[in-house]
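Colleague: This structure is in structure tokens; I'll ask about it shortly.
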Amino acid sequence: MNRTSLKSHTGRNTSALYLSFLVFAIALAMVASAHAQTTLVKLSTDTFHDSDAQHRTEVEPDTFAWGSTIVTAFQVARIFGGGGADVGFATSTNAGKTWTSGYLPGLTDNYKGGSFTAASDAAVAYDAKHGEWLISTLPIVNDNGEAVAISRSTDAIHWSKPIIVDNSGSDDKNWITCDNTTTSPHYGNCYTEWDEPGQGDLIFMSTSSDGGLTWGPAHNTADNASGLGGQPLVLPNGTVVVPISTLGSMIAFRSTDGGKSWSSSSIIANQNYRGEDGGLRAGFGMPTAQIDGAGKIYMVWPDCSFRSGCSTDDLVLTTSTNGTTWTKIARIPIDPVTSTVDHFIPGIGIDRATSGKTAHLAVTYYYYPVAACNNSCKLYVGYTISQDGGKTWTKGKELAGPMQLSWLPNSQNGLMVADYLAVAYSNGNPFGVFAVAKTPSGGLFNEAMYTTKAPLLAGADEPRLSSKGEKPVPNAKGKYVWKYYDDDGRYPIPPAKQVRPSKQK
């Protein structure tokens, strides 16, 4: 609108028109703020040329930080049948200012003499007692998970050949953590978790006390629990807590003796999971979990319990200080409960220098602006911040997108960016790593790992949103059905067991 048209109105109409224009401008600014692009930094590129992989692709990162060092690891050159041509890494030794990337040597036959045909499921930990960085991987032979392996490094750049933790076959969804509390009776222990889809997702745990060089025998829980996507965490007193999902429920189990034995599992909460449109692989709705400086556990997963008709997945949060009792789930208010936005594949990070009511949390996630998008879905990466222990959160902000689903590599369970994410705090600053796909060219994909140039911080004047008072919709029921024990679709769940357990025996 120009000045002439404004002057042609009466003073009263001009004021009304100006007010309307001001309201519109404010609304537009709010939308622009919510969708403002952050400057991204590309961390790595798929340089492989093997014929069984979908080049150029990188998917499924895990990220961990200790001091000024941040390490992320991920699949490179996704293979339809499972895993990638190798596992890549990117390391910053100066708190996210610059990065060095490469591949894990001796893992696959695609790089420096490995014997496996592919590798998957990278998870990163640091053992402060022994000064060792550890990347846990799932080596694969001809599309079948064959082992759990550990690559070690003292500088997070030069990595050893893998050490085999387990090679019993059909291993899946490994994870790793270390006890870095100097006053803990088990300081320096590291714990790795995996499951066996061939045995109905039977859970296994193994312990190392020498920086990941050797690993003890594999143990089950006292009740032989089954699960997928466990993420072990260590409390300051040395107790290990492993939250994990199982057929639409979240459960947890513990060890109080340094991994010599593991308790029976207990129910945390049921999960109502809508699942995502567009044929996207979204990681079975698996949880993400981290721990604050005082030992409080924060666990997040996608859930539609707060939406009428389970119309979209929100991210929900529960907490625990001991791993046996958990708070009721609360919705993270990334978007209003009336919105159409679908949220999934979350990754949580916590500043270990903070705790309790002033704990600093960051969550990255993928989302669709419209959940019911059928085959016209647009994929984005977003994040939200809490600086009061999850009591309030910033409105969701866009990090990357929109991505066309046709830009993503395929897998047995759908088009892929990740089954999980993570955020790492380095010197008080959170950095997330995530896969971003761009327009393919030259017959190749264009999907790689990215982080942000600046940390994921919240402005002092940003509104903080609360979901206090919100309650789950009665009789909410997600439409997603867990049909396979594994995330690659090779071990079907018998129809009689395709329901969540009412209790864990």
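Colleague: What net charge do the residues around Thr57 carry, taking every other residue with its C-beta under 9 Å from that of Thr57, with Lys and Arg at +1 and Asp and Glu at -1?
Modeller: On the way: positive: Arg56, Arg78; negative: Asp46, Glu58, Glu447.
Cβ neighbours under 9 Å give a net charge of -1.
Colleague: Segment 286-350: Rg/Rh from Cα coordinates, Kirkwood Rh? Present the calculation step by step, with values, prior to reporting the outcome.
Modeller: Numbers: Rg = 12.5 Å, Rh = 12.4 Å.
Using only Cα positions, Rg/Rh for segment 286-350 is 1.00.
Colleague: How big is D for segment 93-247, in µm² s⁻¹ as a whole number, if Stokes-Einstein is applied with the Kirkwood radius of its Cα pairs at 37 °C and 0.692 mPa s? Spell out each step's value before the answer.
Modeller: On the way: Rh = 15.9 Å.
Answer from the Stokes-Einstein relation: 206 µm²/s.
Colleague: Between Ser376 and Thr183, take the C-beta separation as r, use R0 = 56 Å, and let me know the FRET efficiency to the nearest 0.05. Don't jump to the answer; show the numbers that get you there.
Modeller: Values: r = 55 Å, r/R0 = 0.98.
With a Förster radius of 56 Å, E is 0.55.
Colleague: While we're here: Return the whole-Å distance between the Cα centroid of segment 161-197 and the Cα centroid of segment 351-380.
Modeller: 27
Colleague: Considering only the other residues whose Cβ falls under 14 Å of the Cβ of Ser467, what net charge follows from Lys and Arg at +1 and Asp and Glu at -1?
Modeller: Numbers: positive: Arg307, Lys328, Arg331, Lys391, Lys395, Arg464, Lys468, Lys471; negative: Asp303, Asp314, Asp335, Asp388, Glu470.
Neighbour charge sum, excluding Ser467 itself: +3.
Colleague: Further, regarding this structure: Along its principal axes, what span do the Cα atoms of the chain show, with the longest given first and each in whole Å?
Modeller: 85, 52, 47
Colleague: Rg/Rh for segment 394-449 to two decimals, with Rh computed the Kirkwood way over all alpha-carbon pairs.
Modeller: Working: Rg = 13.8 Å, Rh = 13.2 Å.
In segment 394-449, Rg relative to Rh is 1.04.
Colleague: How far apart, in nm, are the 7 Å Cα→Cβ label points at Ala353 and Val481?
Modeller: A separation of 5.1 nm, rounded to one decimal place.
Colleague: Test of understanding: extend the Cα→C-beta vector of Thr324 to 7 Å, then name every residue of segment 178-199 with backbone N under 11 Å from that spot.
Modeller: Output list for this probe position: empty.
Colleague: Taking only the alpha carbons of segment 297-417, what extent do you get along each of the three principal axes, in Å, biggest first?
Modeller: Largest to smallest, the principal-axis extents are 42, 31, 28 Å.
Colleague: For a label point 7 angstrom out from the Cα of Lys97 toward its Cβ, which stretches of segment 405-428 have the backbone nitrogen within less than 19 Å?
Modeller: Correct set: 425-428.
Colleague: May I ask you to order 114-122, 434-442, 101-109 by the average number of other C-beta atoms within 10 Å around their residues, highest value first?
Modeller: Details: 114-122: 24.8, 434-442: 17.4, 101-109: 21.0.
Packing order, densest peptide first, comes out as 114-122, 101-109, 434-442.
Colleague: While we're on this one: Around Val473, which amide H atoms from residues at least 5 apart in sequence, or from another chain, sit under 5 Å from its own amide H, with H modelled in the peptide plane?
Modeller: Amide H neighbours of Val473, under 5 Å, 5+ apart: Phe306, Arg307.
Colleague: Let me ask something else. How large is log10 of I(q)/I(0) for segment 166-251 at q = 0.19, 0.21, 0.26 Å⁻¹ when the intensity is taken from the Debye formula with one equal scatterer per alpha-carbon?
Modeller: Taken in order of the listed q values, log10 I(q)/I(0) reads -0.83, -0.98, -1.31.
Colleague: Next question, about the same structure. Principal axes first, then extents: for the Cα atoms of segment 117-193, list largest minus smallest coordinate on each axis, whole Å, largest first.
Modeller: The principal-axis extents, from largest down, are 44, 26, 14 Å.
Colleague: From largest accessible area down, sort Arg152, Arg281, Arg254; use a 1.4 Å probe on the protein chains. Provide the component values of the computation, followed by the final result.
Modeller: On the way: Arg152 40, Arg281 10, Arg254 60 Å².
Sorted descending by solvent-accessible area, the residues read Arg254, Arg152, Arg281.
Colleague: Under a plain spin-label model, where a point goes 7 Å from the Cα along Cα-to-Cβ, how far apart in nm are Ile267 and Leu40?
Modeller: Output for this residue pair reads 4.1 nm.
Colleague: Also, quick follow-up: Taking Cα pairs under 8 Å and at least six residues apart, what relative contact order does segment 64-153 come out at, in percent?
Modeller: Numbers: 229 pairs, mean separation 20.8, N = 90.
Reported as a whole number, the value is 23 percent.
Colleague: Note down the relative contact order for the chain as a percent, whole number, built from C-alpha pairs under 8 angstrom at least six residues apart. Intermediate values should be presented prior to the final figure.
Modeller: Numbers: 1479 pairs, mean separation 73.2, N = 505.
Taking the mean separation of contacting Cα pairs over the length of the chain, I get 14 percent.
Colleague: In nm, to one decimal, how far is the modelled label at Lys112 from the one at Gln404, with both set 7 Å along Cα→Cβ?
Modeller: 3.7
Colleague: Place +1 on the Cβ of every Lys and Arg and -1 on the Cβ of every Asp and Glu in the chain, take the dipole about the Cα centre, and give the residue among Ser151, Trp175, Tyr383 whose Cα lies farthest towards its positive end.
Modeller: Comparing the listed Cα positions along the dipole, Tyr383 ranks first.
Colleague: What's the local net charge at Leu138, with K and R +1, D and E -1, over the other residues with C-beta under 9 Å away? Spell out each step's value before the answer.
Modeller: Details: positive: Lys173; negative: Asp121, Glu146, Asp171, Asp172.
It works out to a net charge of -3.
Colleague: When the expected Rg is taken as 2.2 N^0.38 Å, what fraction or multiple of it is the alpha-carbon Rg of segment 370-505?
Modeller: Numbers: Rg = 19.0 Å, N = 136, 2.2 N^0.38 = 14.2 Å.
Cα Rg divided by the expected 2.2 N^0.38 Å: 1.34.
Colleague: Send over the semi-axes of segment 426-476's equivalent ellipsoid, whole angstrom and largest first, taken as the square roots of 5 times the C-alpha gyration tensor eigenvalues.
Modeller: Details: eigenvalues 229, 104, 21 Å².
Those come to 34, 23, 10 Å.
Colleague: Turning to a different aspect of this structure: In straight Cα distance, which aspartates and glutamates are under 14 Å from Lys483, not counting same-chain residues fewer than 8 positions off?
Modeller: Asp201
Colleague: With the Cα gyration tensor of segment 51-114 in hand, convert its eigenvalues to equivalent ellipsoid semi-axes via √(5λ) and list them largest first in whole Å. Mind showing how you got there, number by number?
Modeller: Numbers: eigenvalues 119, 30, 16 Å².
The equivalent ellipsoid of segment 51-114 has semi-axes of 24, 12, 9 Å.
Colleague: With a cap of 15 neighbouring Cβ atoms within 10 Å, and only residues DSSP puts in a loop, list the trypsin sites (Lys or Arg not before Pro) found in segment 63-140.
Modeller: Here the trypsin sites (Lys or Arg not before Pro) that fit, given the DSSP loop and packing criteria, are Lys97, Lys112.
Colleague: Further question: Any chance you could give the angle, 0 to 90 degrees and rounded to 10, that helix 11-34 forms with the longest Cα principal axis of the chain?
Modeller: 10
The values are calculated or read from the model by the stated rules, or taken from the named source; none is laboratory data. Quick caveat, the model's predicted, so the values are computed rather than measured. Glycine gets a Cβ as well: all are built from the backbone with ideal geometry, and neighbour counts include every protein chain shown. Quick note on the areas: whole protein, heavy atoms, side chains included, nothing else; ligands and nucleic acids left out. Shrake-Rupley method; radii C 1.70, N 1.55, O 1.52, S 1.80 Å.
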